[in-house]
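Everything on this sheet refers to the single structure shown next.
The values are calculated or read from the model by the stated rules, or taken from the named source; none is laboratory data. From a predicted model like this one, the values you see are computed outputs, not experimental measurements. Here the Cβ positions follow ideal geometry from the backbone for every residue, glycine too, while neighbour counts run over all protein chains shown.
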Amino acid sequence: MTSSRWIALAPWLWTIGLFLVWELAVKIFNLPVFILPAPTDIWEAIVKYWSPIWKNSVQTLFTTVAGFLLAVVGGLALGLAIGWSRAIYAGLYPLMIGFNSIPKVAVVPILVIWFGIGTIPAVLTAFLIAFFPIVVNVATGLATIEPEMEDVLRALGAKKLDIMLKVGIPRSMPYFFGSLKVAITLAFVGSVISETVAANSGIGHMMLAAQSQFNVPLVWAGLVALAVLGIVMYAIMAWLEIRMTGWAHRGNRS
Amino acid sequence: MTGFVDIRNVRLSYGQAGDETLALDGLDMSIQEGEFAAVVGPSGCGKSTLMKLATGLITPQEGSVEVAQKEVSGPVSIAGMAFQNPSMLPWRSTLSNVMLPLEIVQPHRANLRREKAAYTAKAEELLKLVGLGGFGEKFPWQLSGGMQQRANLCRALIHDPALLMLDEPFGALDAFTREELWQVMRDLHAEKSFTVILVTHDLREAVYLADTVFVMSARPGKIIERREVSFPRPRSIDLIYEAAFNDIVHDLRALIAEARVAA
Ligand SMILES: Nc1ncnc2c1ncn2[C@@H]1O[C@H](COP(=O)(O)OP(=O)(O)OP(=O)(O)O)[C@@H](O)[C@H]1O
Ligand SMILES: [Mg+2]
């Protein structure tokens, strides 16, 4: 087998290896299920509880994607505004840093007061947590235009809008699409946090309910469901990134 | 005597009051229409600053800058610029990079869509002139550094600027490519008869290409010598091995060495 085939197989081999080691460790040390269930126990739980896992996964996926889309729109808009004007940058940056330092779980109670428990706080938490990396990346892309490129265009009489449209926005696109990978994973964190605290559906809620019934394999099955969703969404974002800004990657390779 | 580019008694400093860097002080230079001027001087003496001044990217605190008999108060769109770094946009093909100024400068900007074919033909013509015929569809990162620099020259020339500003455009190239591009530059200047200001560290480049070489002092920069180079045109590249040529290069070298010590 060629080395590139090995590299393509590597993620699967490592994953299978991890589960094998896990299974063996549980068996050898004879760990009770409520400490650490073996992968086979978790698999059993997945099969047994397939219908609630599926329903709650769809709910979590929905709140995550909704929050993520809001974050894309808001992050793009704010990122462009911040990259556009030094005054907006100077004014908003400290506020954003402060806001980003607040643990989002602390915001959920406020959202619940405003909107009640359920879908809306989950969507908004996902939005709040996912939008910061998008803003920062888009603004970075705009702020790092080569000064020489800017001089060339300004000497031709280009207005700020020209420079943004011709140079700034296209060159911030790789940063933007790169940030989507981070943003989608963070959006999962946000929606699950909110579901754990204040919801009656979603994976977070299901795990909390399972925990109160000491159904430990189901708790772990919830984690696995989240991991799978996360990987799939990440892969979609990575694919989108390559599709939309291929020039940035081809440029590096050659 | 008024020239095409007239810089009179210019003083320019960077930074805030109290912590300022005086870059240029008492700078005077005058360049005639169609003249090929080269500017040489010690590093950090304000050559790039001079470029920005003449294109209106910055304005002096004292003195005046006139281009084409008009006081410069903002960007002059009759200029084309090229720097040492080709700064091509990687998401655009070479051809579309070259045509970028047409999307900015009037009247081309208004006509571009209507006369796309004519403009494209013109850009391809220009690419051919610098030896890049057929490379228009390639992306800049598929070109070598020398090829990118050729495209950079085309981009600076596509809108038929009356004034071409070059800031060490050949600085990062190997000796052979550099000599080849000197000849490209020589031919372009002969054909289109624009006015050129070329900033360079390479004295042979300055003497080979220019009608006039300006030597700047160390910072704060001013012109300490204006040297006419009267070799007949078209100049063969063999000129650079002739004694008269080397004498001028030697003189200029001595002047710059002196200016550096004086600093
Ligand atoms: N944006 C800036 N802010 C503050 N000081 C600057 C700025 N640009 C240039 N300077 C200062 O002005 C002086 C002249 O700079 P300039 O870039 O014009 O030099 P140069 O002759 O082009 O140098 P080199 O030959 O190394 O390219 C330098 O001492 C530099 O420190
Ligand atoms: Mg310089």
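General observations
- Residue ID - surrounded by the fewest Cβ atoms within 10 Å (Cβ to Cβ), chosen from residues in segment B:42-59 that are within 14 Å of another protein chain (Cβ to nearest Cβ) and part of a loop (DSSP other than H, G, I, E, B): B:Thr59
- Segment B:94-116: number of residues that are among the polar types (S, T, N, Q), at the interface with chain A (Cβ under 10 Å from one of its Cβ atoms) and within 28 Å of A:Ala248 (Cβ to Cβ): 0
- A:Val107 falls short on exactly one of the conditions (1) over 23 Å from A:Thr185 (Cα atoms); (2) touching a residue at least 12 places away in the same chain (Cβ under 8 Å), and that condition is (1).
- Options B:Arg92, B:Arg109: the member that is closer than 19 Å to A:Val167 by Cα, touching an Asp or Glu at 6+ places or on another chain (Cβ under 9 Å) and more than 16 Å from ligand 1 (Cβ to nearest atom): B:Arg109
- Taking the criterion of being in a loop (DSSP other than H, G, I, E, B) and either within 13 Å of chain A (Cβ to nearest Cβ) or surrounded by fewer than 18 Cβ atoms within 10 Å (Cβ to Cβ) (or both), the residues of segment B:119-147 that qualify are B:Gly131, B:Gly133, B:Gly134, B:Glu137, B:Lys138, B:Phe139, B:Leu143, B:Ser144.
- Within segment B:25-40, the set of residues being within 10 Å of ligand 1 (Cβ to nearest atom) and either hydroxyl-bearing (Ser, Thr, Tyr) or at pLDDT below 90 (or both) is empty.
- Residue match in segment B:180-198 (condition: within 14 Å of chain A (Cβ to nearest Cβ) and within 16 Å of ligand 2 (Cβ to nearest atom)): yes
- Some residue of segment A:134-152 being buried (at least 19 other Cβ atoms within 10 Å of the Cβ) and without any contact (Cβ under 8 Å) to a residue 12 or more places away in the chain: yes
- Residue selected from segment B:61-86 under the condition small (Gly, Ala, Ser) and surrounded by fewer than 22 Cβ atoms within 10 Å (Cβ to Cβ), by the criterion nearest to the chain's Cα centre (by Cα): B:Ser77
- Every residue from segment B:158-182 that is in contact with a Ser or Thr (Cβ under 9 Å, 6 or more places away or on another chain) and away from ligand 1 (no atom under 16 Å from the Cβ): B:His159, B:Pro161, B:Ala162, B:Leu163, B:Leu164, B:Thr177
- Counting only helices (runs of 4 or more DSSP H) wholly contained in segment A:203-254, the ones carrying 2 or more residues that are within 14 Å of chain B (Cβ to nearest Cβ) occupy A:216-244, A:246-253.
- Set A:Phe132, A:Phe99, A:Phe177, A:Phe127: member being touching a Ser or Thr at 6+ places or on another chain (Cβ under 8 Å) and not hydroxyl-bearing (Ser, Thr, Tyr): A:Phe177
- Residue within segment B:205-224 that is within 16 Å of ligand 2 (Cβ to nearest atom), in contact with a Leu (Cβ under 6 Å, 6 or more places away or on another chain) and among the β-branched types (Val, Ile, Thr) present: yes
- Residue selected from segment B:161-175 under the condition of a type in the set (D, E, K, R) and within 12 Å of another protein chain (Cβ to nearest Cβ), by the criterion nearest to B:Gly56 (Cα to Cα): B:Asp167
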